[in-house]
Amino acid sequence: MKRALAWARVLGAAGIFAVLVWQLGSAAFLDGLGRISMPGVLAALGIGFATTLFSAGRWQIVATRLGLRLSLPTAVADYYRALFLNGVLPAGVLGDVHRAVQHGRDAGDVPRGVRAVVLERTAGQFVLIASAVAVVLGSPDVVPDAFREVVVVTGVVVVLAAVAAVVAGRLFGGRWIHSPSKVRRGFAVTLADLRLGLFTRETWPGVGFLSAATLAGHLALFVVAARVARVDAPVGQLVPLMVLALLAMGLPLNIGGFGPREGVCALLFGAAGLGAAQGVTVAVVYGVLTLVASLPGAGVLLVRSVAGVRRTALSRESAARPAPHFHVKVRG
C-alpha cells in the first residue's frame, strides 16, 4: 500500500509536468533556472532563515505545552534539517517524520513527539486555508470557479473538523483517558494534546502569530521568485495567486513540492492575464529558491553525521581497550 501511494505521488507529479511541457514547451521550465541570480539566492537564504525561525518557534511552543523539552536553537537546527530532507527526498515529508521521531526519542516520548510535529504543521495549514478562503471571498475575479468551490469546501471542512475535535474532547476526553481500551485512551490523549497544543489561551496567540509570520515569509519568497522571473505585476495582484499556489503544494502528488504548484500557477497566471508560461516559470524559480533556503539544513545534517561517526568510533575504541590490571603488593 505504501509503495503504491509513493508511486502514485511520483506518477502524478510526472503527469502534471508532462502536460505542462506538452502545452507550454520546456522553455517555461528552463527560463526559470537560467534567471536565478546571486541577489535572488541571498534573498532566499535571508527569508528562509526568518521563516525557519518562525516555524521552529511555533514547534517549540507546541512541544513545550505537551510537556516535551525543546530549546529554540535545537528546534531551528532540526527544522532546517527537516526542510532540506523534505526538499531532496521524493516523499516530501520524510524530513518531518525524522524530526518528529528523533525529538520524541530524545524527549523519551515518541508518540507525543510525533503529535507535536503534526499539530505544529496543522496550525500552519489552518492559517494557510483561512488565507485561501479570504482570497477566494475577497478577490473572486482572479480565482477560477473550480478553485473557488474547492477552497470554500476545504475551509468549511476544516472548521467543522476543529469544532468536532473540541466538542469530542470535552465530551469524551475525561471519561476515556483511563479507559482499559487502548483505542479510547489513545483518542483521549490525542484530543487532550490537540487542546493543549493549539486551543488554549496560552498557546493559540503565539502559534497563530508565528504561523501568519511564516506564511508571510513564504509569500515574500514567492514575490522574489516572480521578480527573478521578470514578472512585474503588482504585489497585490500576485499575492492572491501565490496563496492558492501554496495551498496546492499540500496535495499528495508532488515531489519535493514540485508538481501541483506548477500546474496551479499555470492556470492562475493564465486566468489573471499574466501568461500560463510565466506562472510555470515563477513556480520553478520558487521551488529552486526554496531548496536554496533549506541548504543550511545540509550543513546541520553533515555536522551531526560527523559527530555521530566520531561518537561511534570512540565507543568502539573504548570497548576494545583492555581493562587496566591493578597489582597489589603485599609487604612483610
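The values are calculated or read from the model by the stated rules, or taken from the named source; none is laboratory data. Computed from a predicted structure; not experimentally measured. Positions of Cβ are backbone-derived with ideal geometry, glycine not excepted, and every protein chain shown enters the neighbour counts. Protein only, heavy atoms only, side chains kept; ligands, DNA and RNA dropped before computing areas. Shrake-Rupley method; radii C 1.70, N 1.55, O 1.52, S 1.80 Å.
Computed in the context of the full set of protein chains, the accessible area of the stretch 54-213 at 1.4 Å probe radius has 67% of its extent on carbon or sulfur. The mean accessible area for residues of the stretch 35-146, using a 1.4 Å probe and ignoring ligands and nucleic acids, is 44 Å² per residue. Taking the inverse of the mean 1/r over every pair of distinct Cα atoms in the stretch 216-305 gives a Kirkwood hydrodynamic radius of 13.4 Å.
Given all pairs of different Cα atoms, what value in angstroms does the Kirkwood hydrodynamic radius of the stretch 197-243 take? Mind showing how you got there, number by number?
Numbers: mean 1/r = 0.0825 Å⁻¹.
Hydrodynamic radius (Kirkwood, Cα only) of the stretch 197-243 equals 12.1 Å.
The phi-based Karplus calculation (6.51 cos²θ - 1.76 cosθ + 1.60; θ = phi - 60°) puts the 3J(HN,Hα) values of the stretch 232-237 at 9, 4, x, 4, x, 7 Hz, whole numbers, x for Gly and Pro.
Taking R0 as 35 Å, what's the FRET efficiency between residue 165 and residue 42 from their Cβ-Cβ distance, rounded to 0.05?
That gives a FRET efficiency of 0.25.
Placing a label point 7 Å from the Cα of residue 298 along the Cα-to-Cβ direction, the residues of the stretch 69-108 with a backbone N closer than 19 Å are 77-96.
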